[in-house]
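Written out below as structure tokens is the structure these notes cover.
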Amino acid sequence: MKRRAWIQTALGLGLLAQWPAHTTAHAAARLRWQTTTFTGLGTTLSIRAAHTDAATLDAALADARHVVARIEDQMSLFRPSSAISQLNRDGVLPNPAPELLRILETSQRISAQSHGAFDVTVQPLWALYAQAQKHGRLPTAAEVQAVRQQVGWQHLQVSAAQVAFGKPAMGITLNGIAQGYAADRVRERLQSAGIAHALINTGEWSSLGQAEGQRDWTLGIANPHHADHVMARLRMQGLCVATSADDQCTFSADRRHHHILDPETGDSPSDVSSVTVAARSCTQADALTKVLFVGGYAHALRLARAWRVAAIVVHKDGRWQASPALSHHVTV
């Protein structure tokens, strides 16, 4: 699973959402801040949160980590015992857990609405490229065409009774949506524990309230080809932020071929280097980065508007554009 390293840093710079009316400056001063960092979902995760009661804060952070662990048990390709590993191995998964069923139903809905631009059944294509890379080459056009026959969200059968493949040799990956889903579930769990201020990094980003000093949570966004250069700063202002980029998992030195694959062509989109989506849901934001990627640089912002989200899109040549809705969120 790709690591969102190019969203480099979370800076407490200020938030559209104000402190709750009952939160006085004195109460803010009494907040205890704590950070937990751990490995999961194929990357290094972190949660920074605050509460006036240390025990409540400790319990909430521990519970949040359990949420991520449970999601990984269901959705990790790297665990042979996970639910989707079982599905990919056996072709059928009886009685899927409610959480897995929920994300698969969401994935299928986004696939239908995006006309297949987002498709969790692209796993056989990714496996083809990864296997060819081991031999120092790219797959041939004939190989890609053959494996494309194993891809198609319409052939993934999802119900409470079972999840099953409708064609031989199919496989799924939730790497394009699970990190966003985890951010949403962690945020919900923290809120239910009474946490009003937090920054959640599950590979995608979500926040609650404000950073220390009553400032906004702000992400420094780096150019995917110059990771040490902050291209812009994005004030989260209650939004969830997800990114896909061509420098996270590459199959060719020129980054022309990478982990984001167009299900229709079997190859990576040719003109986009990275997409950041800001939305009210991290699950949606995560999935839509692929939809905009596949849509191409010229159409990405129009697609973002149609989905009622905002986006920052970077071209292969370094140009970038942002949705007008982000004009009050982004500083260069």
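The values are calculated or read from the model by the stated rules, or taken from the named source; none is laboratory data. In this text, all values refer to a predicted model and were calculated from it rather than measured experimentally. Cβ coordinates were reconstructed from backbone atoms using ideal geometry, including for glycine residues, and neighbour counts include every protein chain displayed.
For region 116-147, which residues satisfy the criterion of being farther than 15 Å from Phe251 by Cβ and either modelled with pLDDT under 95 or surrounded by fewer than 13 Cβ atoms within 10 Å (Cβ to Cβ) (or both)?
Those that are farther than 15 Å from Phe251 by Cβ and either modelled with pLDDT under 95 or surrounded by fewer than 13 Cβ atoms within 10 Å (Cβ to Cβ) (or both): Ala142, Gln145.
Can you tell me which residue within region 75-110, out of those that are charged (D, E, K, R) and touching a residue at least 12 places away in the same chain (Cβ under 8 Å), is nearest to Thr202 (Cα to Cα)?
So, considering only residues that are charged (D, E, K, R) and touching a residue at least 12 places away in the same chain (Cβ under 8 Å), the one nearest to Thr202 (Cα to Cα) is Glu99.
So which residues in region 195-253 are of a type in the set (Lys, Arg) and surrounded by 21 or more Cβ atoms within 10 Å (Cβ to Cβ)?
Arg235
Those residues that are in a helix (DSSP H, G or I), of a type in the set (Gly, Ala, Ser) and within 23 Å of Ala164 (Cβ to Cβ), I need them from region 47-86; list them, please.
Of everything in region 47-86, those that are in a helix (DSSP H, G or I), of a type in the set (Gly, Ala, Ser) and within 23 Å of Ala164 (Cβ to Cβ) turn out to be Ala83, Ser85.
Taking helices (runs of 4 or more DSSP H) that do not extend beyond region 111-200, which have at least 1 residues that are touching a residue at least 60 places away in the same chain (Cβ under 8 Å) and basic (Lys, Arg)?
The qualifying helices (runs of 4 or more DSSP H) are 141-148, 178-192.
Look through region 148-194, keep the residues that are buried (at least 18 other Cβ atoms within 10 Å of the Cβ) and polar (S, T, N, Q), and return whichever of them is nearest to Arg65 (Cα to Cα).
Gln179
Is it the case that Ala245 is closer than 19 Å to Ser111 by Cα, among the aliphatic types (A, V, I, L, M) and in contact (Cβ under 8 Å) with a residue 24 or more places away in the chain?
Spelling it out, it is not the case that Ala245 is closer than 19 Å to Ser111 by Cα, among the aliphatic types (A, V, I, L, M) and in contact (Cβ under 8 Å) with a residue 24 or more places away in the chain.
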